[in-house]
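So the structure is just underneath, and the comments pick up after that.
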Amino acid sequence: MIDIRRLKELVRLMVENDLSELDLRDEQESVVLRRGMGGQIVMPAAPMAHAAHAPAPAAQPAPAQASAGDSGDDDGLTPITSPMVGTFYSSPDPESPAYVSAGSNVDPDTVVCIVEAMKVFSEIKAEVSGVIEKVLVKSGEPVEYGQTLFLVRGA
């Protein structure tokens with residue numbers, strides 16, 4: 001039987017150290033903890049050690065999804081990609097206008113969106129100069145690391 005106090009301590013250590021997975025095994029017990037979407041802690045049963053292979057297929061559609069938005073006429077455009085997994089927001093709050101839209105001029109310090117991960121809102125800057133040609137993600141949609149959010153035509 002797993003000691004709840006020990007389990008709570010392990011979860012606290014995971015959060016404090018920003019760990020996404022913790023796998024502890026000894027002769028008597030085995031514990032695998034994974035933090036998933038929204039900061040949830042997932043604790044699969046010990047026999048489900050094969051579940052570690054499950055995230056790999058889930059991660060594979062992300063590049064396909066990002067490339068699906070790219071078409072042949074996007075040559076010469078510079079992508080602005082998501083630096084993290086999270087939820088994309090085009091404005092600081094629902095009542096405010098979007099930071100940028102197609103046709104907006106940007107420079108490297110222009111905030112183009114917010115990506116929220118585990119209740120932390122990170123401003124994403126363009127890091128390039130030019131004009132936003134395409135916005136590839138809708139506000140409130142989940143995004144993956146490296147997913148193209150905007151396409152910019154250089155100035």
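The values are calculated or read from the model by the stated rules, or taken from the named source; none is laboratory data. Worth saying up front: this structure is predicted, and the values here are computed from it rather than measured. Using ideal geometry, Cβ is built from the backbone for each residue, glycine included, and neighbour counts are taken over all protein chains shown.
The number of residues in the range 107-155 being among the hydrophobic types (A, V, I, L, M, F, W, C) and part of a loop (DSSP other than H, G, I, E, B) comes to 6. Set side by side, the residues Glu127, Glu133 differ, and just one is under 29 Å from Ser20 (Cβ atoms), modelled with pLDDT of 90 or more and not β-branched (Val, Ile, Thr), which is Glu127.
Of the residues making up the range 89-106, those that are over 17 Å from the mean Cα position of the chain (by Cα) and assigned to a strand (DSSP E or B) are Asn105, Val106. Could you go through the range 96-109 and let me know if any residue there is surrounded by fewer than 17 Cβ atoms within 10 Å (Cβ to Cβ), over 19 Å from Thr78 (Cα atoms) and not hydrophobic (A, V, I, L, M, F, W, C). Checked the range 96-109: at least one residue is surrounded by fewer than 17 Cβ atoms within 10 Å (Cβ to Cβ), over 19 Å from Thr78 (Cα atoms) and not hydrophobic (A, V, I, L, M, F, W, C).
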